[in-house]
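Following: one structure in structure tokens, then a few remarks.
The values are calculated or read from the model by the stated rules, or taken from the named source; none is laboratory data. Every value quoted in this text rests on a predicted model; they were computed, and no experiment measured them. Using ideal geometry, Cβ is built from the backbone for each residue, glycine included, and neighbour counts are taken over all protein chains shown.
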Amino acid sequence: MGDTHGPVPSITYSPTKNTIKKKKQLIKLAADILLYSGAKTIIQSKWPPGMMIHIMSTMKIGFVVDQNCEAIQVNPLFIADNSVLPNGLGGTNPTLTTQGLATRTAEKIQKTAVYVPLFIMGKQDTIRTNPHNSVK
């Protein structure tokens with residue numbers, strides 16, 4: 001298989017039973033966090049298990065989050081992944097950009113936050129929130 005630039009590799013991926021188990025646990029944890037944060041409905045995509053992509057542009061900076069990656073309509077909610085990037089132009093893997101964005105966002109949260117209790121899946125933990133922000 002190839003394109004105008006030469007051969008293109010064919011990659012096949014099949015998740016292990018352990019990977020599927022961990023995915024289900026992470027989905028449950030993510031749903032619990034969203035519900036705790038005030039979500040009324042959670043919709044899970046039913047993509048094939050072997051699909052490998054970088055989801056981008058679903059929570060664009062300037063539209064869904066502000067310049068600090070804080071959600072405009074849900075406070076305090078910070079989003080620091082590929083979804084805040086304005087577009088996916090293709091080409092290089094966005095991992096380094098996403099890691100830099102996540103680090104920058106974590107530093108912003110750390111500078112403005114205070115600790116509050118958080119209960120997820122029956123366990124108490126501690127998160128930080130900004131007492132100076134109001135619901136937007």
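Taking each residue of segment 88-106 that is modelled with pLDDT of 75 or more and looking for partners that are part of a helix (DSSP H, G or I) and polar (S, T, N, Q) with beta-carbon atoms closer than 6 Å, six or more apart or interchain, yields P94/N82; T98/N82. In a residue-by-residue description of segment 62-83, the property of being under 30 Å from H5 (Cα atoms) and either of a type outside the set (D, E, K, R) or modelled with pLDDT under 85 (or both) applies to at least one position.
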